[in-house]
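Read through the structure below, which is laid out as structure tokens, and then see the notes.
The values are calculated or read from the model by the stated rules, or taken from the named source; none is laboratory data. Since the model is a prediction, treat every value here as computed from it, not as a measurement. Methodologically, a virtual Cβ is constructed for each residue, glycine included, from the backbone with ideal geometry; neighbour enumeration extends over all protein chains shown. What goes into the accessible areas is simple: the full protein's heavy atoms, side chains included, and nothing from ligands, DNA or RNA. Shrake-Rupley method; radii C 1.70, N 1.55, O 1.52, S 1.80 Å.
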Amino acid sequence: MVESSAADLTAAVVTVSDSCARGEREDLSGPAVAQLLLKLHFSITVREVVSDDSIQIQNVLIRLAHEVRFVVTTGGTGIAVRDVTPEATTAVCDRLLDGVAERMRSEGSRNTPFALLSRGVCGVRGRALILNLPGSPTGAVESLEAVVHLIPHALELLDGKTEHG
């Protein structure tokens with residue numbers, strides 16, 4: 001399903017959750033996302049948990065965009081006051097890929113109407129792609145499955161491989 005060189009398929013998974021960062025709740029979404037990425041032949045080089053803090057999220061995304069090609073966040077995409085992952089992501093991205101986020105919400109709404117309340121975004125920082133997923137393990141995995149087939153081609157485009165076959 002995923003066709004690209006292994007060197008291009010480096011990924012980081014960041015869980016955004018106050019309670020997980022404090023150790024009060026077990027992170028279930030990050031491991032679920034990482035497991036799917038590994039199954040699809042991505043190399044997970046970093047897994048982190050951060051609080052729902054915009055500056056902290058931005059700093060992690062900036063750092064990871066230099067270390068890997070694909071940064072996936074899970075959590076902080078809802079409408080609660082502390083859900084700031086989309087704003088933090090937008091602040092550090094050079095360009096947004098609105099269609100990717102639209103696809104995730106569209107596919108998710110087939111299983112639950114609440115998918116439309118997710119505000120996750122997808123964007124580019126340098127040569128890295130950053131994707132926000134919902135915080136629930138099921139929502140995160142289903143959202144990623146809806147768009148993961150696009151990632152290798154997006155990374156090729158970011159590498160300047162723009163010829164059309």
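Candidates in segment 86-126 are the residues that are of a type in the set (Val, Ile, Thr) and touching a Cys at 6+ places or on another chain (Cβ under 8 Å); of these, the one that is nearest to Ser54 (Cα to Cα) is Val121. Scanning segment 137-165 for residues that are small (Gly, Ala, Ser) and not in a helix (DSSP H, G or I), we see that the one that is most open to solvent (accessible area, probe 1.4 Å) is Gly165. Please work out which residue is farthest from Val60 (Cα to Cα), limiting yourself to segment 95-114 and to residues that are of a type in the set (A, V, I, L, M, F, W, C) and surrounded by fewer than 20 Cβ atoms within 10 Å (Cβ to Cβ). So the residue we want is Phe114.
Only a single item in (1) closer than 24 Å to Pro113 by Cα; (2) exposed (fewer than 14 other Cβ atoms within 10 Å of the Cβ); (3) touching a residue at least 60 places away in the same chain (Cβ under 8 Å) is not met by Ala80, and it is number (3).
Listed conditions (1) part of a loop (DSSP other than H, G, I, E, B); (2) under 16 Å from Ser136 (Cβ atoms) are all met by Arg105, apart from (1).
Name every residue in segment 13-42 that is among the aliphatic types (A, V, I, L, M) and either within 17 Å of His149 (Cα to Cα) or surrounded by fewer than 18 Cβ atoms within 10 Å (Cβ to Cβ) (or both), in order of residue number. Within segment 13-42, Leu28, Val33, Ala34, Leu36, Leu37, Leu38, Leu40 qualify. Given the structure, is Pro86 within 18 Å of Ser29 (Cα to Cα) and of a type outside the set (D, E, K, R)? So Pro86 passes the test. Under the condition of being touching a Pro at 6+ places or on another chain (Cβ under 7 Å) and of a type outside the set (A, V, I, L, M), which residue from segment 115-125 is surrounded by the fewest Cβ atoms within 10 Å (Cβ to Cβ)? Only one residue tops the list, namely Arg119. Residues that are among the β-branched types (Val, Ile, Thr), in contact with a Lys or Arg (Cβ under 8 Å, 6 or more places away or on another chain) and closer than 23 Å to Thr45 by Cα are absent from segment 151-159.
Put simply, of Thr77, Thr162, Thr138, Thr90 the only residue that is of a type in the set (S, T, N, Q) and in contact with a Lys or Arg (Cβ under 7 Å, 6 or more places away or on another chain) is Thr77. When you check Ala128 against the structure, is it surrounded by 21 or more Cβ atoms within 10 Å (Cβ to Cβ) and within 20 Å of Asp18 (Cα to Cα), yes or no? Considered against the rule, which asks whether it is surrounded by 21 or more Cβ atoms within 10 Å (Cβ to Cβ) and within 20 Å of Asp18 (Cα to Cα), Ala128 comes out as no.
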